[in-house]
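To start, the structure under review is shown below, and the notes come after it.
The values are calculated or read from the model by the stated rules, or taken from the named source; none is laboratory data. Please read all numbers here as calculations on a predicted model, not as lab measurements. Positions of Cβ are generated from backbone atoms using ideal geometry, with glycine treated the same way; all protein chains shown enter the neighbour counts. Areas reflect the complete protein model, heavy atoms only, side chains present, ligands, DNA and RNA absent. Shrake-Rupley method; radii C 1.70, N 1.55, O 1.52, S 1.80 Å.
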There are 2 protein chains.
Amino acid sequence: MTEKAAPSPEAIKAWARLMRVSRQLMESAEEALKAAGLPPLAWYDVLHELAEAGEGGVRPFQLIERTLFAQYNISRLLARLEADGLVEKLPVADDGRGQTIRITAKGRETRRRMWAVYGRSIAELVGAKLSADELTMVSALLGRLRHPPVVD
Amino acid sequence: MTEKAAPSPEAIKAWARLMRVSRQLMESAEEALKAAGLPPLAWYDVLHELAEAGEGGVRPFQLIERTLFAQYNISRLLARLEADGLVEKLPVADDGRGQTIRITAKGRETRRRMWAVYGRSIAELVGAKLSADELTMVSALLGRLRHPPVVD
DNA sequence: TCAAGCTTGATGCAATTGCATCTATTGCCT
DNA sequence: AGGCAATAGATGCAATTGCATCAAGCTTGA
């Protein structure tokens, strides 16, 4: 019956809210970082992944999987991070094509300073607006919109 | 006690989900439009506002308020839309600085064709994943994250 | 009335993104 | 081994974004 696959009013509204709110929140956080003289959010995402990975480092293609950035985007972002001394590129033993990216001490420090600002933004923009239960519910519902969906 | 304003784990998770899911969904929709040889999502947003406004048209600064795009972004986007014949710029009687933007027949047609694809994306990506009640709940929760918050 | 300040919209220039393609390796299959 | 597709990452070029600033027209107040 539903050959046309027209979205329901509820779906349209949820979509619109999602797009608008996420854009607005992202911009607020971005603005706070900029006001503090810190790099943009994308840098944080990558530094976060690298910090979690530890001394072993991460391959660029793994960053692509985890951050959802485009390949060329990661490639150039890493070049900028390296130029700023926040990461270092190491050759990888068993694959002559690839490299391993490792965060430097300066990179960790930058990430720490970014988190001071970014974390506060999250607390203000999200943590202060909904209860813990409501936040958990948001996470659960959004998780089911992910691809692949998450149940947690 | 909470001087540092550190975000709770629930807030962090909800934020991360929100950022990741919105980006992923937006890209899916964008991809679908591109695959159909249609313009990007930003064009839809503007054409949608213009179509709602009707023959009276809308002032660019109103589009800025409604779409949350940056001023220079709207300015150039309208220039592209005009170059494509999707909108027309009319002088406004009582304000020599401004202009009124009105959607053309071709603009309405383009919007219609975009909606056929975009609406299907929304139905698939969101409508098919959650029930109407759940979608309403998502809208309500996200509404409270907006600035200014919405109660509905 | 007219100078100062505000609002509306455009634009020059640098940085970033997107697209397509390229090089270098690797792995596979014969 | 040798050829060939697949993978990892970089890059030239065009389009878009972001920033700062500009020009033009309105508004207000002395």
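Annotations
- Residues that are farther than 17 Å from A:Val58 by Cβ, away from DNA strand D (no atom under 16 Å from the Cβ), more than 14 Å from chain B (Cβ to nearest Cβ) and open to solvent by less than 80 Å² (accessible area, probe 1.4 Å) do occur in segment A:101-109.
- Among the residues of this structure, A:Tyr44 does not count as one that is loosely packed, with under 13 Cβ neighbours inside 10 Å and at pLDDT 95 or above.
- For segment A:93-126, residues that are among the hydrophobic types (A, V, I, L, M, F, W, C), in a helix (DSSP H, G or I) and touching a residue at least 24 places away in the same chain (Cβ under 8 Å) total 6.
- Every condition in (1) part of a helix (DSSP H, G or I); (2) farther than 27 Å from A:Met26 by Cα is met by B:Leu90 except one, and the failing one is (1).
- Unmet criterion (only one of (1) more than 16 Å from the chain's Cα centre (by Cα); (2) modelled with pLDDT of 95 or more) for B:Gly119: (1)
- Any chance B:Arg97 is surrounded by fewer than 17 Cβ atoms within 10 Å (Cβ to Cβ), more than 12 Å from every other protein chain (Cβ to nearest Cβ) and within 14 Å of DNA strand D (Cβ to nearest atom): yes
- Residue selected from segment B:69-89 under the condition more than 8 Å from DNA strand C (Cβ to nearest atom) and open to solvent by 50 Å² or more (accessible area, probe 1.4 Å), by the criterion nearest to the other protein chains (Cβ to nearest Cβ): B:Asn73
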